[in-house]
Each structure stands twice: as C-alpha cells, then as structure tokens.
Amino acid sequence: MTHYWPEFLTVALIHFLAVASPGPDFAIVLRQAIFQSRRNALLTAVGIGLAILVHVTYSLLGIGLLIQQSVTLFNVLKVAGALYLTWIAFHCLRAKPGHMEIRPESSERQSPGKAFRLGFLTNTLNPKATLFFVSVFSVVISPGTPTLVQGFYGLYMAVATGLWFMLVALFFTLPRVRAGFARFGHWLDRLMGGVLLALAGRLLFSAATGTESAE
C-alpha cells in the first residue's frame with residue numbers, strides 16, 4: 001500500500017477541493033441545518049456520503065465512463081437531476097414570513113427517512129458528481145492500481161464527504177448560528193430555492209446544448 005500513497009494523496013486533495021466547493025449538496029445541508037433538527041441535518045449528510053458509494057461503484061465497473069460517453073444517457077441524468085432540484089426549489093420558494101421559524105422542533109415535520117433520502121438523491125442525481133468520479137477513476141488513478149486499492153480510495157471519499165457535511169450540519173445547527181438567521185429565515189429559504197433553481201436551469205441548458213459542464 002505504501003507504493004500508492006502519492007496517488008492517494010492526490011486523490012484526497014482533488015476530492016477535498018471538489019467537496020468544499022459550493023453546490024447542491026452544500027445548499028441542501030445548509031437548509032436542513034437551519035430549518036430542521038441537528039439529527040435530520042446529520043442524516044442528510046450521511047445520505048450524501050453514502051451516495052458517493054454509488055458513483056464509486058459504477059466508476060469501478062466502467063459504467064460511469066459509458067454514461068459520460070453516451071450523450072443520451074448523460075442528458076437523461078442531467079434532466080433527472082434538474083427536475084429533482086426544481087422540486088426542492090419549489091418548496092423553498094413557497095416560504096412565507098413566519099411560516100418557517102427556525103427552531104429544532106420543526107424537525108417533526110420531516111421524518112428521518114426523508115432527511116436521509118434528501119441527501120442521498122441530491123448527490124446521486126448530480127451530474128457534476130458523475131463527471132468528477134469518472135474523471136478521477138479514469139484519469140487521476142492509474143489503470144494499474146489494483147481494484148481493492150481503488151475501492152479503498154472510493155471508501156475514503158465517501159467517508160470524507162459524509163464527515164465534511166456533518167461538520168457543516170453541526171456548525172449551522174449551533175444555537176448562536178441559528179439565532180443569526182432567525183430574523184430573515186424565509187428570505188434565506190427563498191435564496192436557497194433560487195440557488196437550486198439556477199443550478200437546475202444550468203443542467204437543463206447543458207442538456208439542451210449538449211455541453212458537459214454541470215458546475
């Protein structure tokens with residue numbers, strides 16, 4: 001395993017830069033942390049982390065490269081991701097003053113299963129994640145690296161992603177941080193909706209024009 005440390009460190013650095021950049025996952029966890037309980041925000045983060053294993057699995061099997069090279073399949077993924085983000089954005093944009101009070105007990109409106117699925121589906125249906133993992137496993141990781149070692153890389157990225165978003169969830173569920181958003185909670189919810197809607201629009205535009213950018 002010592003022989004693969006330089007490659008692993010490269011993968012870890014690239015992954016950190018990717019996971020730390022704002023995107024649908026961050027927007028979802030931020031909203032969960034502010035408007036839901038800490039438990040639900042953490043479950044959403046866990047869902048995102050486990051979704052990474054989906055990308056890792058099809059990348060190891062070579063299916064990810066097939067999806068990337070097939071314009072039709074990749075556009076279907078883009079449209080599915082855009083529709084899901086639009087659905088979430090619709091609920092965010094409906095927020096009204098006094099409707100979304102920032103308080104832990106509001107989590108009763110969302111079951112643990114729903115909180116987990118929200119994170120899992122948001123990441124699974126993100127074409128940007130597909131491009132990232134296909135690129136990592138086809139360009140950054142050497143074809144000569146054993147599958148077991150590649151699997152370890154994938155497991156690391158799944159755990160690291162989950163932990164990163166759990167830290168985000170923990171920070172934004174701090175009472176002092178919650179209080180800072182209390183006065184304009186519904187505006188923040190609408191802002192999150194606008195961000196997600198913009199991301200969905202970019203995905204649909206990308207699918208319509210045939211470009212591969214999902215960022």
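The values are calculated or read from the model by the stated rules, or taken from the named source; none is laboratory data. Nothing here was measured: the structure is a model prediction, and the numbers come from that model. Positions of Cβ are backbone-derived with ideal geometry, glycine not excepted, and every protein chain shown enters the neighbour counts.
Yes or no, residue by residue, for (1) over 20 Å from V46 (Cβ atoms); (2) modelled with pLDDT under 85; (3) in contact with a helix residue (DSSP H, G or I) (Cβ under 7 Å, 6 or more places away or on another chain); (4) surrounded by 22 or more Cβ atoms within 10 Å (Cβ to Cβ):
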site	(1), (2), (3), (4)
W87	yes, yes, no, no
F90	yes, yes, no, no
A95	yes, yes, yes, no
G98	yes, yes, no, no
S111	no, no, no, no
If you go through R190, R176, the only one that is assigned to a helix (DSSP H, G or I), out of contact with any helix residue (DSSP H, G or I) (no Cβ under 6 Å at 6 or more places or on another chain) and modelled with pLDDT under 95 is R176
Report, ordered by the first and then the second residue, all pairs with beta carbons closer than 9 Å, sequence separation of six or more or different chains, a first member in the stretch 1-28 that is closer than 28 Å to T122 by Cβ, and a second member that is polar (S, T, N, Q) and modelled with pLDDT under 90. I14/S135; G23/N126; P24/N126; D25/N126
Any idea which residue in the stretch 119-169 is surrounded by the fewest Cβ atoms within 10 Å (Cβ to Cβ), counting only those that are closer than 27 Å to I88 by Cβ and among the polar types (S, T, N, Q)? S135
Report every pair of residues separated by at least 6 positions or lying on different chains whose Cβ atoms are under 9 Å apart, first residue within the stretch 135-164 and under 28 Å from L42 (Cα atoms), second surrounded by 15 or more Cβ atoms within 10 Å (Cβ to Cβ) and among the acidic types (D, E). Y153/E7; T161/D25
